[in-house]
């Protein structure tokens, strides 16, 4: 069954949860510290594209004309991609809070999982088996194509957060 | 690989192959154009013109030059691309982002031989990925934005990819024909050409597409309302899914 039918708001076209990253912020880690993606240099809290609430095409106040801060870099280092499992920002959906987790191994994105956070002591559980494999397969399709960028109708800052480009950027692919 | 990202012009720019200071310079280029031309910023020159506080003829030279460029493209595309909104407002966003990409790219060239800049889905690259393989850009399915249906391998001189479409919130295309193409990706030697022609295809119809692709100087992957993928001859091999392909030439 298609993910859209099963999970409705979670995988609607406006909120495809391939990822849920906040630009410039240190992603939460589920792997050991040396596997962290670090934001080098100039990242700052103002680079929070993921939380933009502006209308379509609105330029964020923090970006117009301000020369400093807000530029994030990820997957730092001299070119190697860090392996590990990385969890991103939690997104609020009609089904509750959902967090996306990606796994990188050998320089490739090998798994994408959407975790639905429960109120039960904060334990993460995977959302229905019917939804997760579709997300995984579709994100992996991009990886098998070995792309570094995606081109589609222009994503807004908010749209970027749930785009394939964001996953590629965070994984440093 | 190190990836720098920043928010600008209502979208996000991702840069590969450039260090933090080069990325910061690129960011300032975008901020400069945004400050000048954004219709969402009431203090921009273009907003003042839209309100009637400033006449276009009294605007700074660079603004008039960009307007002239947009008019040239209007002529070249038979009006499919135009800076004139239906309500009469002069909207230069159709060229401004591409100009910012172009200028930022010139700065990146100073410091690096291999880089890729993606501004919300419009891509300009130089050199190779990790210095070895062509930079690869995935074209997304307009109906499912997490799915890649074609891959563009960028090889000089074709180093620019732009996609126009109606699938994302905030895209505005003023159509002068009935809706034919919901999304068009253009691969060209420069980003302004790619961006303008992608917009022109989505604003136009099949005849516009044929006219635009006649001289073979660009490659096109376009999706029509029925989900059929139209590909110019060289672009056919970019398609790698089960999407129906219509080589309509």
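The values are calculated or read from the model by the stated rules, or taken from the named source; none is laboratory data. Treat the numbers as computed from the prediction; the structure is a model and nothing was measured. Neighbour counts run over all protein chains shown; Cβ positions are idealised from the backbone, glycine included.
What the table shows:
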read-out	value
Checklist (1) on the phi > 0 side of the Ramachandran plot; (2) buried (at least 24 other Cβ atoms within 10 Å of the Cβ) applied to residue B:12, failing item	(1)
Residue selected from the stretch B:22-31 under the condition touching a residue at least 40 places away in the same chain (Cβ under 8 Å) and surrounded by fewer than 24 Cβ atoms within 10 Å (Cβ to Cβ), by the criterion nearest to residue B:70 (Cα to Cα)	B:29
Residue B:94, sole failed condition from (1) within 14 Å of another protein chain (Cβ to nearest Cβ); (2) modelled with pLDDT under 95; (3) over 17 Å from residue B:164 (Cα atoms)	(3)
Qualifying positions in the stretch B:57-75 - surrounded by fewer than 19 Cβ atoms within 10 Å (Cβ to Cβ), within 18 Å of residue B:208 (Cα to Cα) and in contact (Cβ under 8 Å) with a residue 12 or more places away in the chain	B:71
Failed item in (1) surrounded by fewer than 23 Cβ atoms within 10 Å (Cβ to Cβ); (2) under 30 Å from residue A:146 (Cβ atoms); (3) within 10 Å of chain A (Cβ to nearest Cβ), with residue B:40 passing the rest	(2)
Per-region count, the stretch B:124-144, residues touching a helix residue (DSSP H, G or I) at 6+ places or on another chain (Cβ under 8 Å), without any contact (Cβ under 8 Å) to a residue 40 or more places away in the chain and buried (at least 24 other Cβ atoms within 10 Å of the Cβ)	2
Residue check for residue B:192: buried (at least 24 other Cβ atoms within 10 Å of the Cβ), out of contact with any strand residue (DSSP E or B) (no Cβ under 7 Å at 6 or more places or on another chain) and in contact (Cβ under 8 Å) with a residue 60 or more places away in the chain	no
Flag if residue B:111 is touching a residue at least 24 places away in the same chain (Cβ under 8 Å), out of contact with any strand residue (DSSP E or B) (no Cβ under 9 Å at 6 or more places or on another chain) and away from every other protein chain (no Cβ under 14 Å)	yes
Residue list for the stretch B:53-80, restricted to those being in a loop (DSSP other than H, G, I, E, B) and either within 14 Å of another protein chain (Cβ to nearest Cβ) or modelled with pLDDT under 95 (or both)	B:77, B:78, B:79, B:80
Per-region count, the stretch B:81-118, residues surrounded by fewer than 16 Cβ atoms within 10 Å (Cβ to Cβ), out of contact with any helix residue (DSSP H, G or I) (no Cβ under 6 Å at 6 or more places or on another chain) and in a helix (DSSP H, G or I)	3
Qualifying residues in the stretch A:156-173 (those that are in contact with a strand residue (DSSP E or B) (Cβ under 6 Å, 6 or more places away or on another chain) and closer than 10 Å to residue B:140 by Cβ) - the one surrounded by the fewest Cβ atoms within 10 Å (Cβ to Cβ)	A:164
